[in-house]
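The values are calculated or read from the model by the stated rules, or taken from the named source; none is laboratory data. All values reported here derive from a predicted model rather than from experimental measurement. Neighbour counts run over all protein chains shown; Cβ positions are idealised from the backbone, glycine included.
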Amino acid sequence: MENEYGNYLDDDKKLKEYGDKLAELRRNGVNKISELKQDIASLKRNKLIDSAARNARIAEDLRQIAEARVVAAKNKNEISILQKEAVAYANEIAGIYIRSVHDAQNKKIASLAEKYKNDIAAINTDFNRRREAIVKSYCGKTTLADRTAKKEALSINGYEHKAALFDAHSKYVSDVDRAKVAKNQAYVDRVQKNRSLRNGSPRFSENISLGWQNYVYQFKPSKFFLNNGLYLAIFVFFIVCIIVAPISGNGQLLTLPNIFTILEQASVRMFYALGVAGLILIAGTDLSIGRMVALGSVITGLILHPGKNIVTFFHLGAWDFTPLPVPARLALALVISIVFCVLFSCFAGVFSAKLRIHPFISTLATQLIIYGLLFFGTSGTPVGSIDAGIKDMLGGRWELGFLNGEFITFPKLIIPAVVAIFIAWFIWNKTTFGKNMYAVGGNSEAASVSGISVFWVTIGIFAMAGVFYGFGSFFEAFKANASAGTGQGYELDAIAACVVGGISFNGGIGKIGGAVIGVIIFTGLTYCLTFLGIDTNLQFVFKGLILIAAVALDSIKYLKRK
């Protein structure tokens, strides 16, 4: 790529010779194989070619690929040796050039800073001189017209002063940015040339180095603190808690058992955040999460209860599922929890997708319906604990042994949470449905024009949320006795975790990793405050401050993008 100094690597004669030799060695070998494979793929997609002709051409391409592989194998060692020599030489001359560019541009930036300082001083001097002249010209003039004219002249002078300062600053920033571009481009040219010499093959170390170089090039303190200020503040809060805990007599906070406990508490709530994250991505929300949790937990508790149930659901009699094998009971509880959560979630989704009712209203209605049905069906009675053996099998802990005098156990619930995170990440980042989610969230009208079915994408997101809620509510029953009141307020924690994790309420912006970090932050915050003996009611204050700060920062970033 050209910069103000020209592409120094392309101008080097010796490096050009290396490139020509490598191209010649690859021409009838690896390059020809790549071209022929592309031709075969194109032929398979082309519906206008006769089947017999297509098969004949593909057969000929395969024959030539076999010949090209012989050539590639013959030239492999020579290419490898020549490639290493070329890359080493490119790095040598690039290192010298990059240092010279950096020195030159750093001097240029310093001179620009000095010039900017002098320009500002000159602008301020001119402003003061003109202001004094205006005041002096109207000295002794006291009529209304004179006072109005004086005020207007001073106002114009002030406006012109601000405009001049703005222009000077813009020019300074623009010139400095050009100098930074020259520094960055010198390094980018080196990486691109190395990749070209390796026939397009990247190197992990180069990718890391280039990523860091681009980060430094684009780094701005204001942008950094806008994007990470909240996380820095929370990090400082955790550090303070770690320091204060032993001083206050509460013991060591930063221990492996405490970390595992935080992760265990975050594991189940992770499912709720992963579900609602998709709705927030399309500028929606979900107020029914807590009731979904209660629904699935009650179902799970009824099926996994040891012996006859104490609850008669809708007066249909006290069930006893113990005659069923344990795997069948687990599968039944999980499937029914997921099915009901998906049905209720899609019920809300249809109204939002078809009638454009905001998810706030449709999920609020769903919340009330589930709440009423559960309390009426169970009379508010807890369904009791689940079978102890089953509870330990999925919700217990593995014993790892002693470490520094402490007995360490690993929570089993962390495993399904990790699996859920990977699945959600895969859907968001590696599937067409995930790309459509971002498109609908960013601009649903543009997505519709481009051929994306906004209705089915929205329904799919609600259904996916229901699946995550179903799994989460299933595992929730392993933590405590389920009842119609289980999960109260969980929707607020899940939504807050996503927002703190950077999933924008404005839609189309966010990553699954953000939701994961948000859940861990909120769970860790609650655990730290409880560990320090902070009143439960005051914990809501801390959560509220973090939530409003996260939304405020998101709004500021959104306004800046506009």
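General remarks:
- Residue within segment 264-277 that is assigned by TED's automatic domain parsing to the domain that holds S473, part of a loop (DSSP other than H, G, I, E, B) and surrounded by 13 or more Cβ atoms within 10 Å (Cβ to Cβ) present: no
- Those residues of segment 396-437 which are under 24 Å from the mean Cα position of the chain (by Cα) and hydroxyl-bearing (S, T, Y), in sequence order: T431, T432
- Flag: F321 does not match the condition of being within 19 Å of I459 (Cα to Cα), in the same structural domain as V276 (by TED's automatic domain parsing) and surrounded by 15 or more Cβ atoms within 10 Å (Cβ to Cβ).
- Residue in segment 121-128 that is modelled with pLDDT of 90 or more, closer than 30 Å to K183 by Cβ, surrounded by 11 or more Cβ atoms within 10 Å (Cβ to Cβ) and hydrophobic (A, V, I, L, M, F, W, C) present: yes
- Checked against the criterion of being assigned to a helix (DSSP H, G or I), out of contact with any helix residue (DSSP H, G or I) (no Cβ under 8 Å at 6 or more places or on another chain), within 25 Å of L112 (Cα to Cα) and assigned by TED's automatic domain parsing to the domain that holds Q105, segment 127-134 has at least one qualifying residue.
- Selection over segment 481-533 of residues that are at positive phi and either acidic (D, E) or part of a helix (DSSP H, G or I) (or both) gives a count of 0.
- V419 assigned to a helix (DSSP H, G or I) and among the β-branched types (V, I, T): yes
- Matching option when the condition is of a type in the set (K, R), in contact (Cβ under 8 Å) with a residue 60 or more places away in the chain and part of a helix (DSSP H, G or I), among K391, K435: K391
- Segments classed as helices (runs of 4 or more DSSP H), wholly inside segment 1-117, with at least 3 members that are in the same structural domain as N184 (by TED's automatic domain parsing) and β-branched (V, I, T): 30-45
- Number of positions in segment 387-405 that are at negative phi and exposed (fewer than 13 other Cβ atoms within 10 Å of the Cβ): 8
- Residue among D39, D20 that is more than 29 Å from A104 (Cα to Cα), surrounded by fewer than 11 Cβ atoms within 10 Å (Cβ to Cβ) and either polar (S, T, N, Q) or modelled with pLDDT of 85 or more (or both): D20
One line per residue, one yes/no per condition, for (1) more than 22 Å from R291 (Cβ to Cβ); (2) of a type in the set (D, E, K, R):
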residue: L492; (1), (2): no, no
residue: A515; (1), (2): no, no
residue: I521; (1), (2): yes, no
residue: V551; (1), (2): yes, no
residue: D554; (1), (2): yes, yes
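- In summary, G472 fulfils each of the numbered conditions (1) surrounded by fewer than 22 Cβ atoms within 10 Å (Cβ to Cβ); (2) within 29 Å of T255 (Cβ to Cβ); (3) small (G, A, S) with the single exception of condition (1).
- Selection from segment 203-261 of residues that are of a type in the set (S, T, N, Q) and over 30 Å from I556 (Cα atoms): S205, N207, S209, S248, N250, Q252, T255, N258, T261
- Given (1) assigned to a helix (DSSP H, G or I); (2) of a type in the set (G, A, S); (3) touching a residue at least 12 places away in the same chain (Cβ under 8 Å), number of the condition G544 does not satisfy: (3)
- Checked across segment 488-497, the condition of being assigned by TED's automatic domain parsing to the domain that holds F340, more than 21 Å from the chain's Cα centre (by Cα) and either closer than 23 Å to M393 by Cα or buried (at least 16 other Cβ atoms within 10 Å of the Cβ) (or both) holds for at least one residue.
- Test: A480 is in the same structural domain as V268 (by TED's automatic domain parsing) and loosely packed, with under 15 Cβ neighbours inside 10 Å: yes
- Unique match (being surrounded by 15 or more Cβ atoms within 10 Å (Cβ to Cβ) and in the same structural domain as D103 (by TED's automatic domain parsing)) among D175, D146, D167: D175
- Candidates L263, L230, L281, L274: the one that is under 30 Å from S444 (Cβ atoms) and in contact with a Ser or Thr (Cβ under 9 Å, 6 or more places away or on another chain) is L281.
Results for (1) surrounded by 13 or more Cβ atoms within 10 Å (Cβ to Cβ); (2) over 29 Å from L197 (Cβ atoms), shown as yes or no for each residue.
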position	(1), (2)
K16	no, no
L25	yes, no
I33	yes, no
A52	no, yes
A66	no, no
V71	yes, no
N75	yes, no
I81	no, no
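- Among the residues listed as G377, G372, G384, the single one being in contact with a Phe, Trp or Tyr (Cβ under 6 Å, 6 or more places away or on another chain), assigned by TED's automatic domain parsing to the domain that holds V457 and either part of a helix (DSSP H, G or I) or surrounded by 13 or more Cβ atoms within 10 Å (Cβ to Cβ) (or both): G377
- Output for segment 438-451, where each listed residue is assigned to a helix (DSSP H, G or I) and more than 17 Å from the chain's Cα centre (by Cα): S444, E445, A446, A447, S448, V449
- Qualifying position, being touching a residue at least 40 places away in the same chain (Cβ under 8 Å) and farther than 30 Å from I98 by Cα, among L165, L154, L112, L144: L165
- Test: residue in segment 339-361 that is surrounded by fewer than 21 Cβ atoms within 10 Å (Cβ to Cβ), on the phi < 0 side of the Ramachandran plot and at pLDDT below 90: no
- The condition of being surrounded by 15 or more Cβ atoms within 10 Å (Cβ to Cβ), within 25 Å of the chain's Cα centre (by Cα), touching a residue at least 40 places away in the same chain (Cβ under 8 Å) and assigned to a helix (DSSP H, G or I) holds for only one of I280, I299, that being I280.
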